1. If you take the residues in region A:17-37 that are over 16 Å from the mean Cα position of the chain (by Cα) and either open to solvent by 50 Å² or more (accessible area, probe 1.4 Å) or within 11 Å of RNA strand B (Cβ to nearest atom) (or both), which one is farthest from A:TYR108 (Cα to Cα)?
2. Just to be sure I understand, how many residues within region A:134-174 are part of a helix (DSSP H, G or I), in contact (Cβ under 8 Å) with a residue 60 or more places away in the chain and within 30 Å of the chain's Cα centre (by Cα)?
3. Please pick out the residue among A:LYS405, A:LYS397, A:LYS368 that is within 8 Å of RNA strand B (Cβ to nearest atom), of a type outside the set (S, T, N, Q), at negative phi and not in a helix (DSSP H, G or I).
4. Output the residue which, of all residues in region A:38-76 that are surrounded by 12 or more Cβ atoms within 10 Å (Cβ to Cβ), modelled with pLDDT under 95 and of a type in the set (S, T, N, Q), is farthest from the chain's Cα centre (by Cα).
5. Which one of the conditions (1) in the same structural domain as A:VAL89 (by TED's automatic domain parsing); (2) surrounded by fewer than 22 Cβ atoms within 10 Å (Cβ to Cβ) does A:ARG207 fail to meet, given that it meets all the rest?
6. Which condition from (1) at pLDDT below 95; (2) surrounded by fewer than 22 Cβ atoms within 10 Å (Cβ to Cβ) is the one that A:GLU94 breaks?
7. Of all residues in region A:234-292, which are free of Cβ contacts under 8 Å to residues at least 40 places away in the same chain and either aromatic (Phe, Trp, Tyr) or within 16 Å of RNA strand B (Cβ to nearest atom) (or both)?
8. Of all residues in region A:378-405 being surrounded by fewer than 13 Cβ atoms within 10 Å (Cβ to Cβ) and under 17 Å from A:THR350 (Cα atoms), which is farthest from the chain's Cα centre (by Cα)?
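The values are calculated or read from the model by the stated rules, or taken from the named source; none is laboratory data. A quick note: this is a predicted structure, and the numbers were derived from the prediction, not measured. Every residue, glycine as well, gets a Cβ built from its backbone with ideal geometry; the counts of neighbours run over all protein chains shown. Heavy atoms of the whole protein, side chains included, go into the accessibility calculation; ligands, DNA and RNA do not. Shrake-Rupley method; radii C 1.70, N 1.55, O 1.52, S 1.80 Å.
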Amino acid sequence: MKENFSRLRGFQDIFGEDLGYFELIEKTFRKYAKLYGFQEIKLPILERTELFVRGIGTSTDIVRKEMFTFEDRGGRSVTLRPEGTASVVRAFLENNLINLPQYSKIFYSGPMFRAERPQAGRLRQFHQLGVEWFGGDEPLIDFEVISMLNEILLELGLHDSTKIHINSVGCEICSPNYKEKLKTFFDENKEKFCDDCKDRREKNILRIFDCKNETCRVTLEKAPKTSENLCDTCKHHFDTLINLMTKSNINFEINPKLVRGLDYYTRNVFEVVFEGIGAQNAIAGGGRYNHLVEEFGGPYTPAFGFAMGVERTIIALKQKEIKLPEENSIAICTISENEIPKALEIAKITRGKGIITHILSYYGKISKQLKIADKLNVKYTIIIGEDEVKNNTVQIKNMLSGEQKSMKVEEITTLEI
RNA sequence: GCGGACAUAGCUCAAUUGGUUAGAGCACGAGACUGUGGAUCUCGGGGUUGCGGGUUCAAGUCCCGUUGUCCGCCCCA
């Protein structure tokens with residue numbers, strides 16, 4: 001019976017400690033996104049299927065088999081968004097944000113949906129925080145965005161356990177040549193590659209670098225590297241970024257095997273890896289996509305962005321045993337029901353000061369009320385009885401030390417929580 | 001989508017080769033304590049053993065299916 005109402009596989013309720021981490025991550029992300037001059041946008045969760053097919057690419061697994069797609073009442077094919085970038089680009093063009101310089105830098109947050117087999121760090125509904133920077137091809141932009149992400153990791157306390165992997169996948173000039181070169185190499189060593197890689201050769205040859213098969217890995221050691229096959233412009237672009245990175249304190253490494261799954265990436269791509277949270281160890285990833293705006297019918301508008309996965313970041317924070325900031329609160333207990341009006345009056349004062357206040361009178365006996373106050377982990381408990389009402393005072397008890405003293409009602413405003 | 005492991009009280013786990021009424025700790029509730037929490041003690045509530053079939057005199061235990069979780073592949077945040 002209970003079974004019929006249970007959550008769908010890969011979907012979850014987020015509350016308690018997890019929600020605390022969720023809010024911490026989102027708050028930190030928001031803070032830096034704003035400090036770096038990004039403007040927020042709230043996007044629809046449901047879009048036309050075609051948006052993602054065109055944006056993400058038909059060769060990707062996301063589009064081929066992981067989208068929640070269905071027909072709406074008007075017979076249109078619609079899809080729960082599997083990522084944010086396509087929608088941001090759509091909104092950017094649809095609202096003519098291209099003419100508003102303040103909207104060249106946009107950030108978003110929200111749930112994404114992919115119909116994958118769930119495992120740790122991989123859900124069907126998960127949350128991403130992302131930024132997109134439109135209208136510039138300078139490596140300084142790439143650097144600024146990566147720096148911002150680095151500052152977020154630093155503030156969250158994940159800085160020393162994460163590594164930023166960087167690579168360049170080239171542009172429309174050098175990438176096709178390189179892919180041909182790689183295919184030639186592949187065909188010369190065909191028998192050494194696994195079946196998955198043979199499939200990758202047809203779909204997206206670059207992905208053979210992601211293979212975990214040992215034989216494939218060894219074979220790939222001799223394969224032509226992306227970084228050695230860039231055109232002059234891409235190479236300069238990449239080198240300039242690496243130069244900036246080297247001069248900063250960012251913990252990064254050049255990973256010639258890093259390729260990204262989405263078709264729209266060009267030139268510099270990166271991924272933030274947190275070791276030790278299982279197979280799904282990338283907590284953020286992104287890169288440059290210089291032609292996506294054109295793909296949707298806009299003018300040439302180079303862009304750079306990334307998204308971070310909230311749930312994976314929560315796993316990382318928990319693993320590092322990062323403490324959540326405490327939220328102090330107080331409780332008001334009364335000896336009998338007669339003091340409830342007074343309790344309400346006091347609560348108005350404390351809540352007016354912005355203090356989280358629990359009135360516990362309905363728990364019955366004072367000993368019971370204090371027990372609840374203890375479990376709620378409140379900093380102070382205000383106790384009101386007959387005598388206190390008569391003298392317009394309260395008893396204020398420090399729940400940590402157990403000390404208790406009398407205080408005039410007017411003095412409550414001086415209470416420091 | 002493929003392969004593997006697991007599923008017992010709110011939580012963490014027990015339960016001989018299938019064999020009485022499925023136990024313990026923590027948590028929860030009541031009391032010892034009628035204007036004072038955390039400690040201790042006593043008592044108590046709580047389970048169709050994930051769900052559905054099957055084998056058997058007998059199933060938490062064996063078999064099949066199903067759902068969920070976890071791990072690997074795949075993919076990606």
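1. Looking at the filtered set, the residue picked out is A:GLU17.
2. So the answer is 20.
3. A:LYS397
4. Step by step, filter region A:38-76, then rank; the result is A:SER59.
5. Result: A:ARG207 passes all but (1).
6. Result: A:GLU94 fails condition (1) only.
7. A:ALA282, A:GLY285
8. A:ASN392
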